[in-house]
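The values are calculated or read from the model by the stated rules, or taken from the named source; none is laboratory data. The model shown is predicted, which means the values in this text are computed figures rather than measured ones. Every residue, glycine among them, receives a Cβ derived from its backbone with ideal geometry; neighbour counts consider all protein chains shown. Protein only, heavy atoms only, side chains kept; ligands, DNA and RNA dropped before computing areas. Shrake-Rupley method; radii C 1.70, N 1.55, O 1.52, S 1.80 Å.
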Amino acid sequence: MSDRPRGTPRSSRRSVLTSAGGLLALAGSTSSALGMERAASAPASTPTSTGGFWGARQAGITTPQQTHTYFMAFDLTAPKRDQVVDLLRTWTQTAARLTAGQTAAPFGKDLDAPGVDSAEALGLTPARLTITFGFGSGLFTKDGADRYGLAARRPEALIDLPRFNGDQLVPTATGGDLSVQACADDAQVAFHAVRQLAARAYGIADVLWAQSGFLSKPADGETPRNLMGFKDGTHRPAALEKFVWVGDEGPDWMRDGSYLVVRRIRMALEHWDRTNVGFQEQTMGRHKYSGAPLGLTHENEPLRLDRTDKDGNPVIPENAHVRLANAATNGGAEILRRGYSYNDGVNFTAERWPPWRQGMEYDSGLFFIAYQRDPRSGFVRIFGNMAKFDMLNQFATHVGGGLFACPPGARAGEFIGQRLFATV
């Protein structure tokens, strides 16, 4: 017979539900703004499957895209390197449990004790939960100080992103020393995961900013649409090894990792909704309802950027979004997108283009997420031109984000980023 007191929760979310008795009753490239390429969006074989955690590469990068995300950036406050290592160890073990559908830690006999698990995911399936960790530049140096003896191990590719034309980045929604991204097919599961990790960072790292996002998948398997009403995710890079994963050119602790660029892009939806569909299509370079390239019929037809009309003008305008985002325009550069829409209600804003309306507008848009082998030859190269010339800029403003080095995955017994700290 078990020595567990009656009603004591077990380790898994389902078994807690079973043992607790009463809990059950209570409980493109078509493009979005700055679209480039999107990760696979095929639905999972079952919505209750686990996303997994252990492995040579982190999950959540090339994993078929889930319908919800919750992203959080942290600033480290711990003065000692060992405290950071302890946090990463704890985060690794917690993430492994959560992605397996368990509570953040095993419940003890004292059910009144705080800090084990906040319990809002009890009874929920894992919903293909993945958790992906990243390291910002502040882990290596902060305000000129090498806090943890890691400055010499900062990868060359972990640059300070340049200021792009039109950026209106809010400092309190930009950057971070550490990042955590949870993706799941249930919004509450994704939030629950980040909430548990944040709770374990108390006294070591402070929350800097966070962003949730959603992705609606049509039942018939068609390409999802973004908040501008266009299909988003028609194309993704075929050569993931070439464009996504760090190889021998990177430091040893980053091989089989990837670099993550996130950007919070606010869309002027009220302005967009008052424009003719024809102008929207010229802006994007695709037909709105079919998703096909301008002048063509089917969504998955090649763009054929060299096509001209009877007057010799490009069918897809020179400053159309899909042209400027396309690899052919950027020396073959490609990145892997996993973007999500966001809707944070309304607030007061002033549009950056004529007619410069001011007032209460939707605080909605795209939470742009892109993985790449090197941001210098990926996001920076692609978006540098787009920031200057893309017609979509009159409807989209970058207001936050960051760049993070996502190390390789951890195998059982290891912790995320172990190779970075191993020789220091």
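Look through Ala396, Ala410, Ala387, Ala405 and report the one residue that is modelled with pLDDT of 95 or more and either touching an Asp or Glu at 6+ places or on another chain (Cβ under 8 Å) or of a type in the set (S, T, N, Q) (or both). Give the derivation first.
Numbers: Ala396 fails: either touching an Asp or Glu at 6+ places or on another chain (Cβ under 8 Å) or of a type in the set (S, T, N, Q) (or both); Ala410 fails: either touching an Asp or Glu at 6+ places or on another chain (Cβ under 8 Å) or of a type in the set (S, T, N, Q) (or both); Ala405 fails: either touching an Asp or Glu at 6+ places or on another chain (Cβ under 8 Å) or of a type in the set (S, T, N, Q) (or both).
Residue meeting the stated conditions: Ala387.
Go through Ala198, Ala157 for me and flag whichever is open to solvent by less than 60 Å² (accessible area, probe 1.4 Å), at pLDDT 95 or above and part of a helix (DSSP H, G or I).
Ala198
Can you name the residue in the stretch 62-100 that is touching a strand residue (DSSP E or B) at 6+ places or on another chain (Cβ under 6 Å) and assigned to a loop (DSSP other than H, G, I, E, B) and is also surrounded by the most Cβ atoms within 10 Å (Cβ to Cβ) among such residues?
Across the stretch 62-100, the extreme among qualifying residues is Gln66.
If I ask for residues that are open to solvent by 10 Å² or more (accessible area, probe 1.4 Å) and among the β-branched types (Val, Ile, Thr), which ones from the stretch 161-195 would you list?
Correct list: Val170, Thr172, Thr174.
When the residues of the stretch 219-235 are narrowed to those that are in contact with a Lys or Arg (Cβ under 8 Å, 6 or more places away or on another chain), surrounded by fewer than 22 Cβ atoms within 10 Å (Cβ to Cβ) and assigned to a loop (DSSP other than H, G, I, E, B), which ends up modelled with the lowest pLDDT?
That would be Glu222.
Spot the failing condition for Trp209; the list is (1) part of a loop (DSSP other than H, G, I, E, B); (2) over 30 Å from Asn313 (Cβ atoms); (3) aromatic (Phe, Trp, Tyr), and only one is missed.
Looking at each condition in turn, Trp209 falls short on (1).
Residues in the stretch 143-150: is at least one closer than 27 Å to Ile382 by Cβ, surrounded by 20 or more Cβ atoms within 10 Å (Cβ to Cβ) and not small (Gly, Ala, Ser)?
Checked against the condition, which is being closer than 27 Å to Ile382 by Cβ, surrounded by 20 or more Cβ atoms within 10 Å (Cβ to Cβ) and not small (Gly, Ala, Ser), the stretch 143-150 yields no hits at all.
When the stretch 307-323 is examined, which residues are found to be open to solvent by 30 Å² or more (accessible area, probe 1.4 Å) and within 20 Å of Asp390 (Cβ to Cβ)?
Arg307, Asn313, Pro314, Val315, Glu318, Asn319, listed by residue number.
When you check Arg6 against the structure, is it over 30 Å from Phe421 (Cα atoms), open to solvent by 40 Å² or more (accessible area, probe 1.4 Å), at pLDDT below 50 and not hydrophobic (A, V, I, L, M, F, W, C), yes or no?
Spelling it out, Arg6 is indeed over 30 Å from Phe421 (Cα atoms), open to solvent by 40 Å² or more (accessible area, probe 1.4 Å), at pLDDT below 50 and not hydrophobic (A, V, I, L, M, F, W, C).
Can you name every residue in the stretch 117-142 that is open to solvent by less than 10 Å² (accessible area, probe 1.4 Å) and either modelled with pLDDT under 95 or more than 20 Å from the chain's Cα centre (by Cα) (or both)?
Ala121, Phe140
If the requirement is being over 16 Å from the mean Cα position of the chain (by Cα), open to solvent by 10 Å² or more (accessible area, probe 1.4 Å) and either closer than 30 Å to Trp91 by Cα or among the polar types (S, T, N, Q) (or both), which of these qualifies: Gly413, Gly359, Gly384?
Values: Gly359 fails: either closer than 30 Å to Trp91 by Cα or among the polar types (S, T, N, Q) (or both); Gly384 fails: either closer than 30 Å to Trp91 by Cα or among the polar types (S, T, N, Q) (or both).
Gly413 is the lone residue from the list that is over 16 Å from the mean Cα position of the chain (by Cα), open to solvent by 10 Å² or more (accessible area, probe 1.4 Å) and either closer than 30 Å to Trp91 by Cα or among the polar types (S, T, N, Q) (or both).
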